[in-house]
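Let me begin by presenting the structure, written as structure tokens, before commenting on it.
The values are calculated or read from the model by the stated rules, or taken from the named source; none is laboratory data. Bear in mind the structure is a predicted one, so any value in this text is a computation, not a measurement. Here the Cβ is made from the backbone with ideal geometry for all residues, glycine too, and neighbour counts use every protein chain on show. When the accessible area is computed, the model is the full protein with side chains, heavy atoms only, and any ligands, DNA or RNA have been set aside. Shrake-Rupley method; radii C 1.70, N 1.55, O 1.52, S 1.80 Å.
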Amino acid sequence: MFLLLPFDSLVVNLLGISITVLFTLLLVFIIVPAIFGVSFGIRKVYMKTLLKIFQWATLRIERGAKEKNHPLYKPYVNGIIAKEPTSLEEEIKEIRRSGSGKSLDTPEFELSDIFYFCRKGIETIMDDEVTKRFSAEELESWNLLSRTNYNFQYISLRLTVLWGLGVLIRYCFLLPLRIALAFTGISLLVIGTTVVGYLPNGRCKEFLSKHVHLMCYRICVRALTAIITYHHSENRPRNGGICVANHTSPIDVIILASDGYYAMVGQIHGGLMGVIQRAMVKACPHVWFERSEVKDRHLVAKRLTEHVQDKSKLPILIFPEGTCINNTSVMMFKKGSFEIGATVYPVAIKYDPQFGDAFWNSSKYGMVTYLLRMMTSWAIVCSVWYLPPMTRQPEEDAVQFANRVKSAIARQGGLVDLLWDGGLKREKVKDAFKEEQQKLYSKMIVGNHEDRSRS
């Protein structure tokens, strides 16, 4: 037996007391509020304090740059090229009018027409509205994270000290605390859903499953210091429906699931994710697919249709974009989830990048690196809007319905509504898009000629 010296005994006692106090604080201020879905308002006070510090830091940068005659970088929020929303026909009319003086009534190709396509091509190279949606949004103000603003090199001594203090707080205090909370939330989710899964089906099992899921997701939300504002809660998705939302980050699932009870849809994974999936499906009817089944669109549609036809089952949570977009826009919704014929509950999610960028650039960062960046940010602040339920009209096809839902989400979240496919993040532009422009131009010339011939 080793005998402890008085000093060693004191250190051990202090360490034990510190750990006890830490776990007590976690239990009282985080875990218990998560169980009952309440908040003490500490995170909102924290957010307001950070805002004041960011404003001071930004003003100090601007003043220092002015004193040293350094130009300040200002991000182009709306792009570097001013574009007018005009049609191909209108622009070619203007080009012909200012050039040869001919109108579109002449069913001939004019050499001056190529200037329209040349200009569009150069504009796309200089200011592509698609690929910039797959990179992090640049901030106008500095949030003491060197990765978010190009002006961080113009820093005074006081700002440098403040930035260093922020690094210590984020990496030495917030990061360990958040890792502990995330571990707690995931462990409770696996253990809780596994235990509930052994209960016989019925109201008791459903009640316990719902509250285990909500409790664990709320703990995980606190692990990110997420400050979420939910709007129009009366429009929350109901059983037998499909909840569709714009997609910025993998944590979109946690953001929504901490306020509602959903059936998840996804591919079966291995490792830790597989353990979580197997535990969750025991307590709740989630829809998991084998890797070989995911590509079978008809099988996926059949499984989803069977789920939504049972009005006692939970609403399905789907992100129709199929990839993460940087929260400045909404891109094309895949039509699969809109062919089923179920009631669709649109949800708009908008993150505030001042406190931390939630966007996951999967082509640049792996999941571990991304989670590390999230957990070393100041906070995750976002707003969630539940929109009124929408159904497919008799004259609509699935694509038109998907576009109508997408437009509603973009309008509510203040996002740009784009028709482009998010799959362009990893794929080349399909020939069909090029052919569409060619058909539009030829139809414009031939169509005008045919109309004039009839008259």
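Tell me, which helices (runs of 4 or more DSSP H) wholly within region 1-93 include 3 or more residues that are at pLDDT 75 or above and not acidic (Asp, Glu)? Even if it seems obvious, please write down each step before you answer.
Numbers: elements: 6-26, 32-36, 42-67.
Answer list for region 1-93: 6-26, 42-67.
Which residues, counting only those in region 329-360, are closer than 30 Å to GLN400 by Cα, part of a loop (DSSP other than H, G, I, E, B) and either without any contact (Cβ under 8 Å) to a residue 24 or more places away in the chain or open to solvent by 20 Å² or more (accessible area, probe 1.4 Å) (or both)?
MET332, LYS334, LYS335, GLU339, ILE340, GLY341, THR343, TRP360
For (1) farther than 19 Å from ALA34 by Cβ; (2) surrounded by fewer than 17 Cβ atoms within 10 Å (Cβ to Cβ), each residue gets a yes or a no:
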site	(1), (2)
GLY185	no, no
ILE191	no, yes
THR194	yes, yes
TYR198	yes, yes
ASN201	yes, yes
VAL212	no, no
VAL221	no, no
ILE228	no, no
HIS231	yes, yes
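Going through VAL399, VAL384 one at a time, which residue ends up being surrounded by 14 or more Cβ atoms within 10 Å (Cβ to Cβ), part of a helix (DSSP H, G or I) and at pLDDT 85 or above?
Details: VAL384 fails: part of a helix (DSSP H, G or I).
From the options VAL399, VAL384, the qualifying one is VAL399.
Considering region 361-371 alone, what residues qualify as being of a type outside the set (Phe, Trp, Tyr) and either touching a residue at least 12 places away in the same chain (Cβ under 8 Å) or not in a helix (DSSP H, G or I) (or both)?
Correct list: ASN361, SER362, SER363, LYS364, GLY366, MET367.
Taking GLU206 and the conditions (1) open to solvent by 60 Å² or more (accessible area, probe 1.4 Å); (2) touching a residue at least 12 places away in the same chain (Cβ under 8 Å), which numbered condition does it fall short on, given that it satisfies the others?
So GLU206 meets the others, but not (2).
Within region 250-257, can one find any residue that is in contact with a Leu (Cβ under 6 Å, 6 or more places away or on another chain), under 18 Å from PRO320 (Cα atoms) and not in a loop (DSSP other than H, G, I, E, B)? It would help to see each step written out before you state the result.
The initial filter retains those residues of region 250-257 that are in contact with a Leu (Cβ under 6 Å, 6 or more places away or on another chain), namely none.
No, region 250-257 has no match at all.
List every residue pair whose Cβ atoms sit under 7 Å apart, with the two residues 6 or more apart in sequence or on different chains, where the first one lies in region 394-422 and is over 15 Å from GLU339 (Cβ atoms) and without any contact (Cβ under 8 Å) to a residue 60 or more places away in the chain and the second, anywhere, is open to solvent by 60 Å² or more (accessible area, probe 1.4 Å) and outside any helix (DSSP H, G or I).
Close Cβ pairs (under 7 Å, with a partner that is open to solvent by 60 Å² or more (accessible area, probe 1.4 Å) and outside any helix (DSSP H, G or I)) amount to SER407/ASP417.
Answer yes or no as to whether ALA408 is under 19 Å from HIS231 (Cβ atoms), part of a helix (DSSP H, G or I) and either at pLDDT 90 or above or over 20 Å from the mean Cα position of the chain (by Cα) (or both). Before the answer, list the steps.
Details: under 19 Å from HIS231 (Cβ atoms): yes; part of a helix (DSSP H, G or I): yes; either at pLDDT 90 or above or over 20 Å from the mean Cα position of the chain (by Cα) (or both): yes.
Judged against the criteria, ALA408 is a match.
In the list ALA301, ALA279, which residue meets the criterion of being part of a helix (DSSP H, G or I), small (Gly, Ala, Ser) and under 26 Å from ASN235 (Cα atoms)? Working first, answer last.
Values: ALA279 fails: under 26 Å from ASN235 (Cα atoms).
Exactly one residue qualifies, and that residue is ALA301.
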